[in-house]
Each structure stands twice: as structure tokens, then as C-alpha cells.
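Okay, structure first, notes after.
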Amino acid sequence: MTTFVDRVELHIAAGNGGHGCASVHREKFKPLGGPDGGNGGRGGDVILTVDQSVTTLLDYHHSPHRKATNGKPGEGGNRAGKDGQDLILPVPDGTVVLDNAGNVLADLVGHGTSYVAAQGGRGGLGNAALASARRKAPGFALLGEPGDLGDIVLELKTVADVALVGYPSAGKSSLISVLSAAKPKIADYPFTTLVPNLGVVTAGSTVYTIADVPGLIPGASQGKGLGLEFLRHVERCSVLVHVLDTATLESERDPVSDLDIIEEELKQYGGLDNRPRIVVLNKTDVPDGKDLAEMVRPDLEARGYRVFEVSAVAHIGLRELTFALGDLVAKARAAKPKEEATRIVIRPKAVDDAGFTVTKEDDGLYRVRGEKPERWVRQTDFNNDEAVGYLADRLNRLGVEEQLMKAGARSGDGVAIGPEENAVVFDWEPTMMSGAEMLGRRGEDHRFEEQRPAVQRRRDRQAERDEALGEYEDFDPFE
């Protein structure tokens, strides 16, 4: 049964925003107390967060569908809907997030690093929030916006300072078990190591991590064997260690040819040419292995490699190797540029940026694309004439109608707002007559303009008193 997974495809969906509420406040002696519909809640986000306690993507392999909760709809009495709960997905350190096309969306390194993979939809405004001096009683509310959804790919690249590479059964697992506290599975047959193993090594004042990468064979960079699945774990390592078997039982193999083959696979994979290399001749406790190590060592040193003769079983030469690796890791860390504090870059929009575009397509359809028009369309209840009229007003104020006329649109032409797969299409009329115009100004209620009978009676009596007082002031008794 699979216990380690380093690549999964995840199907994620953020929460939808809650719908706004269209409500009118009512109580005794106040039948029309004004709009009091609350706003809908925001949908929950899907957030990937690095957690040091997580070492594999196994959970997402078994459960690839993940969804955040939706926002609750608004209610009367100015009660806003509850926001949806964010879905936090813990991932191992070194996880790379990609889209289906292979483009890198995020590289998550460091505990607590997070990335919003899918953003929740906005909640719709209730009619209380839509009310204004000109629109006193909106009879509609905005719909909640749908949350983001889609597929992403998670790839795990082990975060280590040193990578042990070599043929299967070259002794990499044995070496990491004696250099650190790691306890990998060790056996004398190919592909014993099926998952990368990590260990922590202390060399004086330098503490570094070392990774045992599953064995490579010819053709690994093209997918043969297990190499392609785990070569990505070498990418983050600062130092590469070639572990060569000097006591192999295969007559057609020798340490030099093994080194050439592994180097060719690393070259084919790419991106590893600038990493420092060390060659470890392992199993020198075997008499034939010791003789072979002494024979090939001059050739390897002539190529510029630093060579160490060790035995993981007999613990020979391990101290020198440990400090040599610690010295290379310290130099690699010192050469890295210092991390700068995160800077906030503000990019204001251009003065002439309308926030949308109008293009004429080959079939004569005019397509409107832009964040605001598309969002407004998604939040409009097309079963409500007043809401449609409100949308028409917003688009007109944004300048969509003017741009359509400049693009050559005429009465009756087809106009689409949104992407091709999910657009609202209608026949355009310059006046955007939707039927709501017949109701007077949108969102107004003539009942709010009428005075209540008692108030009107008091005003009439006050007017009569004012008129009588004016006649008395004009009276002159001496005339």
C-alpha cells in the first residue's frame, strides 16, 4: 500500500457568497419603516499552508476533492449572513503548486507559508445597503458571487541541504542511517528505497539535512524505473554526493561508469550543473572493494572530484565526510543572497483605463470583458425587472454603452458580457429599456413620498394658524 505520495491532482472549490436579502421593516404604527435587508456572507477560501508535521501528500491522494463552506444569506432586520469558513489544507515544506498546464502558481517553502488557491465569492448586498437618497426603497438585492473552482497539481520537492544519489543498493540508505538518526529500510535488492529519507547531521557548529534519494538507473530522466518520480527532490539540495558501490556483484559495472551514467541522467534532467559534487566510494570494508577504490581514486580526482573512501557498515571515514559536507553546506548558505523584507508594490490604474474592453467578434457579436461588468452580471437576479434596470444603470455609468456605440454597435446587435463559456447574451438597445423604467425612478416608492394623515392634519392646522397670525399683524386699529 502506498505510504508516500509526492504528486497529486487536487480538485478545489471555494465557497459561494450568500445572497443579499430584500426586506422592508414593519412594526406597529410603522408599516413602511424602510429597507432592512442584510448582506450575504462571504464564501470561504481554500488556503494551502506549510505544516512541518506533514511529510507526504497521501491524504490528498485518497481525498482529492476539497470544498470550503458557503456564506449564509442575509436576513431581515439588517442581519448580515455569516461568512463561510476558510478551508486550511496543510502541505509539506517544499510543495510546489501548479496549474493543469504546468505553470508554477506558488512555491511553498518555510513553516507557515500560505497560498490562497481558491478565493471565496463575495456576498451580495441587501436592499438596505443599496438604498440611497434617490433610491429609498429598493425592491431587490444582489446575489452572492460564486467562489473559484478548478484543478491544481501539488508536487513535493524535498527540502534538504545534501542529496545522496547513485545506483540502487549502492549503500545510500546505510550511509544516511549512520550519519544521522534516520532509520530507512535496508536490504540487498534493487529499489529497496521507495521514498526519499531525510536525516539531520551535526558537524561541529553546522547542522544540515541530508536526503537519500531512491536509486537512479539509465533512462531515469525519461521515466525509467523510479528516478523520474524522485529526481525533483534533488532540485533544492545545495550539495550532491555520488555514492558509488566498490563491491558490486555485477561484472559489467564499475564506479567510474556508474558515475558517468548518473551524471548523464542529472544533465538530462537539467538545472543541477552548478551544484558542488563529492564522490563517496562505499563498501571499502570488503577487500575487493578497498582495492577497487584505490584503483579508481586517481582517475576521479583527475576529473576534479573530491573523493572519500568510507564504509557505512564498519563506520570508516565517516567523520571526515561529515565535516566536508558541513563545510560545503556552510559555504552554500553564505553564498545565498540575504532575504529582503517583503515590499508592497502599488500599481495604480492608468487614468484612461476604463476597467473593461469591448471587442467585435467574427460572428458580429460584441463581447464585453472586465472585472466589474462580469461581477455585476453574476450578482444580478434577472427574474427581477428592477434588478435588471439597476444593472443597466451601473453599466451605463461605467461607460459600457458609450464604448459599444464607438465600437459600431447598433440597436438590435448581440452583446455578450463575460467569457465565451459563461456569458450573458442579449440584444442591445441604446436606452436599455427593461420594463423597470415604467415604475418611475428605480428603487423609489411613492408611498414614502406621501405624508401620513395625522401628520398632514397637523401641518394644515399650523398653516391656518400662520395665516391668521399674519392677518392679525397686518391689522391697523387707527385706520
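The values are calculated or read from the model by the stated rules, or taken from the named source; none is laboratory data. Treat the numbers as computed from the prediction; the structure is a model and nothing was measured. Cβ atoms come from the backbone with ideal geometry, glycine included; neighbour counts cover every protein chain shown. Surface areas here come from the heavy atoms of the whole protein model, side chains and all, with no ligands, DNA or RNA. Shrake-Rupley method; radii C 1.70, N 1.55, O 1.52, S 1.80 Å.
Just a few scattered comments:
- Tabulated pairs, region 287-303, first at negative phi, second open to solvent by 70 Å² or more (accessible area, probe 1.4 Å) and assigned to a helix (DSSP H, G or I), C-beta under 8 angstrom, 6+ apart or interchain: none
- Ala293 modelled with pLDDT of 85 or more and buried (at least 17 other Cβ atoms within 10 Å of the Cβ): yes
- Residues being more than 36 Å from the chain's Cα centre (by Cα) and open to solvent by 20 Å² or more (accessible area, probe 1.4 Å) - total across region 257-289: 8
- On inspection, Asp285 qualifies as assigned to a loop (DSSP other than H, G, I, E, B) and of a type outside the set (Gly, Ala, Ser).
- Candidate set from region 128-142 (those that are open to solvent by 70 Å² or more (accessible area, probe 1.4 Å) and touching a residue at least 60 places away in the same chain (Cβ under 8 Å)); member that is farthest from Thr56 (Cα to Cα): Arg134
- Of all the criteria given as (1) over 20 Å from the mean Cα position of the chain (by Cα); (2) surrounded by 21 or more Cβ atoms within 10 Å (Cβ to Cβ), the one not satisfied by Gly34 is (2).
- For region 366-406, the set of residues classified as among the hydrophobic types (A, V, I, L, M, F, W, C), farther than 13 Å from Leu142 by Cβ and crowded, with 16+ Cβ neighbours inside 10 Å consists of Val368, Ala392, Leu395, Leu398, Val400, Leu404, listed by residue number.
- Restricting attention to region 407-420, the residues that are surrounded by fewer than 16 Cβ atoms within 10 Å (Cβ to Cβ) and under 18 Å from Thr380 (Cα atoms) total 1.
- Considering only residues in region 191-214 that are modelled with pLDDT under 60 and not aliphatic (A, V, I, L, M), the one that is surrounded by the fewest Cβ atoms within 10 Å (Cβ to Cβ) turns out to be Phe191.
The rows are residues; the columns are (1) of a type in the set (Val, Ile, Thr); (2) part of a loop (DSSP other than H, G, I, E, B); (3) touching a strand residue (DSSP E or B) at 6+ places or on another chain (Cβ under 7 Å).
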{"position": "Ser53", "(1), (2), (3)": "no, yes, no"}
{"position": "Thr56", "(1), (2), (3)": "yes, yes, no"}
{"position": "Lys72", "(1), (2), (3)": "no, yes, no"}
{"position": "Lys82", "(1), (2), (3)": "no, yes, no"}
{"position": "His111", "(1), (2), (3)": "no, yes, yes"}
{"position": "Leu125", "(1), (2), (3)": "no, yes, no"}
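- Residue check for Asn16: open to solvent by 40 Å² or more (accessible area, probe 1.4 Å), in contact (Cβ under 8 Å) with a residue 60 or more places away in the chain and over 28 Å from Val91 (Cα atoms): no
- Options Leu58, Leu89, Leu48, Leu32: the member that is of a type in the set (A, V, I, L, M) and within 30 Å of Ala129 (Cα to Cα): Leu32
- Here Asp45 fulfils each of the conditions (1) surrounded by 15 or more Cβ atoms within 10 Å (Cβ to Cβ); (2) without any contact (Cβ under 8 Å) to a residue 40 or more places away in the chain; (3) of a type in the set (D, E, K, R) apart from (2).
- Filter result for Gly94 (crowded, with 18+ Cβ neighbours inside 10 Å and at pLDDT 95 or above): no
- Residue within region 348-369 that is part of a helix (DSSP H, G or I) and at pLDDT below 90 present: no
- Only one of the listed residues (Ala182, Ala163) is farther than 20 Å from His111 by Cα and at pLDDT below 80. That residue is Ala182.
- Any hit, region 52-62, residues being touching a residue at least 24 places away in the same chain (Cβ under 8 Å), open to solvent by 20 Å² or more (accessible area, probe 1.4 Å) and among the charged types (D, E, K, R): no
- Residue satisfying condition, being among the aliphatic types (A, V, I, L, M), in contact with a Leu (Cβ under 6 Å, 6 or more places away or on another chain) and open to solvent by 50 Å² or more (accessible area, probe 1.4 Å), within set Leu154, Leu125: Leu125
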